[in-house]
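Asks: Please find one structure pasted underneath; my questions will follow.
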Amino acid sequence: MKVFLNQVDLSPELESIFEKKKFTLVDAPESADILIYDEDIEPLLEKCHGTLRACAIIPVHKFISNGGIDGPEIKSQSLLGAIEFADESVGSVALMIGELMEQFQSSEHFSDISRFMKANAVELVQNALIYKRQSASEGKISLEVYETPKFYNVQVTDSFGALSQDKILEKLVRAWRDKTYELKESGAGLGLFMTMMASDSMIFRLKNTERTQVCCIINKYKRLKHYKNKSPALYISKE
């Protein structure tokens, strides 16, 4: 796989991973399968002018600690709650998700974490509903909230698979550059970008015309300022 480094020195730790995984460096983000940045993602996005092909955008500290592009381990998790949606209004979606998120109060993390989880869930469900209406699909949309000792996972799954890797990357870069919501029926512009920035890791699992699953991982930070100082990672896998 090809890797682009943005404001990141090729350290011995990186060289060791590159040799083990047989990764190679490239000079342009558009040519890379993996984009690695330092602590601030914006200088990386500033360099993205053409069509991206990356399956991962990762801060260097996560890349090194993971030993590559493996995302967070989300198999050993407990289901805290779930909702199914069909064609609810914006207000109904927000109300239903708000009631679910009210239960997530704990001394393990800062008190406002449920607010960020709700915002992510509402955005993902609304995007899925927009795609459903556009494609006239009959499938339902499910929201599931999971917990591990280290993080929460807000997971939204649809059964029509309208998102593609190219579309995700294009919308994320466009939203960051324009800083405006995309006024189209398909939606998922600035909101998708803000959802990524509100997560520690955002994981897309895509099966064209059949399924889109999005997982937003938020770590259990003790303090709000630590949450705000995080560096997000994006992972995209195709079945």
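Asks: Measure off 7 Å from each Cα along the Cα-to-Cβ vector at Ser78 and Asn208, then give the distance between these two points in nanometres to one decimal.
Replies: 4.1
Asks: Now a separate question. When DSSP assigns beta bridges and you keep just the ones with both residues in the chain, what percent turn out antiparallel, to the nearest 5?
Replies: Counting only bridges with both partners in the chain, antiparallel ones make up about 65 percent.
Asks: Please give the helix 113-135 orientation as an angle from the longest Cα principal axis of the chain, in degrees from 0 to 90, rounded to the nearest 10.
Replies: 80
Asks: Could you list the residues of segment 30-72 with an amide nitrogen less than 17 Å from a label point located 7 Å from the Cα of Ser164 in the Cα-to-C-beta direction?
Replies: Output list for this probe position: 50-55.
Asks: Then there is this: Among Gly161, Gly81, Gly91, which one shows the highest mean-square fluctuation when the chain is modelled as a Gaussian network with alpha-carbon springs under 10 Å?
Replies: Gly91
Asks: Hey, another quick one. What is the order of Val122, Val26, fewest Cβ neighbours within 10 Å to most?
Replies: Lowest count first: Val26, Val122.
Asks: Also, I was wondering about something else. Pairs to check: Lys20/Lys62; Lys20/Lys230; Lys207/Lys230; Lys22/Lys228. Give those whose C-alpha atoms are more than 22 Å from each other in this structure.
Replies: Working: Lys20/Lys62 17 Å; Lys20/Lys230 28 Å; Lys207/Lys230 29 Å; Lys22/Lys228 34 Å.
Exceeds cut-off: Lys20/Lys230; Lys207/Lys230; Lys22/Lys228.
Asks: Still on this structure, I have one more. So, how do all the Cα-to-Cα distances of the chain break down into 5 Å bins, in percent, from 0 on up?
Replies: Result, from short to long distances: 1, 6, 14, 18, 19, 17, 13, 8, 3, 1, 0 percent.
Asks: Another question, then. Per DSSP H run of n ≥ 4, the term is -39500 (n - 2.57); total these for the chain, divide by its residue number, and report the mean residue ellipticity at 222 nm rounded to 500 deg cm²/dmol.
Replies: -10500 deg cm²/dmol
Asks: Right, here's the next one. Find the Rg to Rh ratio for segment 10-67, where Rh is the Kirkwood radius over alpha-carbon pairs and Rg uses the same atoms.
Replies: Taking Rg over the Kirkwood Rh, I get 0.95.
Asks: Could I ask something else about it? Calculate the FRET efficiency for Thr24 and Ser107 from the Cβ-Cβ distance with a Förster distance of 41 Å, rounded to the nearest 0.05.
Replies: 0.30
Bear in mind that the values in this text are calculations on the coordinates, not laboratory data. As the structure is a computational prediction, the values presented were derived from the model and not from experiment. Note that we place each Cβ from the backbone using ideal geometry, even for glycine, and neighbour counts take in every protein chain shown.
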